[in-house]
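Just below is one structure, and these are the notes that go with it.
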Amino acid sequence: MGITVTKRIGNAVVRNGIKRRVREAFRRARGEFAPGTQLVFIAKRQAAKLSFAAVQSDMARLSTRLAKLGTVSA
C-alpha cells in the first residue's frame, strides 16, 4: 500500500494525521482485500477534514467494490 499526501493538503501535522488514519483503516480491513492486492491512496484536499470513521467506511466500501470486480492483475 502506498499513501501520497502533498504539501498542498496542509502542514506536516495534517499530512501525517491523514496517513495515520488511512494506515489504521487499512490495517483493520486488510482481511477483506484479496492477497496480493496493491493499493495507492492519493489524498485530496477534503481528506484533512475526514474523521477516522469516514476513512474506515470508505475503506470498507473500496474492499466491497474490489471484491465485486474480482481479481485484477496488472
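Structure values in brief
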quantity	calculated
Count - residues of the range 3-39 that are among the small types (Gly, Ala, Ser), modelled with pLDDT of 95 or more and under 13 Å from Ala60 (Cα atoms)	1
Selection count where residues are outside any helix (DSSP H, G or I) and open to solvent by 60 Å² or more (accessible area, probe 1.4 Å), scope the range 7-33	3
Count of residues meeting criterion [within 18 Å of Arg15 (Cα to Cα) and hydroxyl-bearing (Ser, Thr, Tyr)] in the range 41-65	1
Qualifying residue in the range 56-70 (condition: open to solvent by less than 60 Å² (accessible area, probe 1.4 Å), polar (S, T, N, Q) and without any contact (Cβ under 8 Å) to a residue 40 or more places away in the chain)	yes
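The values are calculated or read from the model by the stated rules, or taken from the named source; none is laboratory data. Keep in mind it's a predicted model, so treat the numbers as computed, not measured. All Cβ positions, even for glycine, are placed from backbone atoms using ideal geometry, and neighbour counts span all protein chains on display. Only protein heavy atoms, including side chains, enter the accessible area calculation; ligands, DNA and RNA are left aside. Shrake-Rupley method; radii C 1.70, N 1.55, O 1.52, S 1.80 Å.
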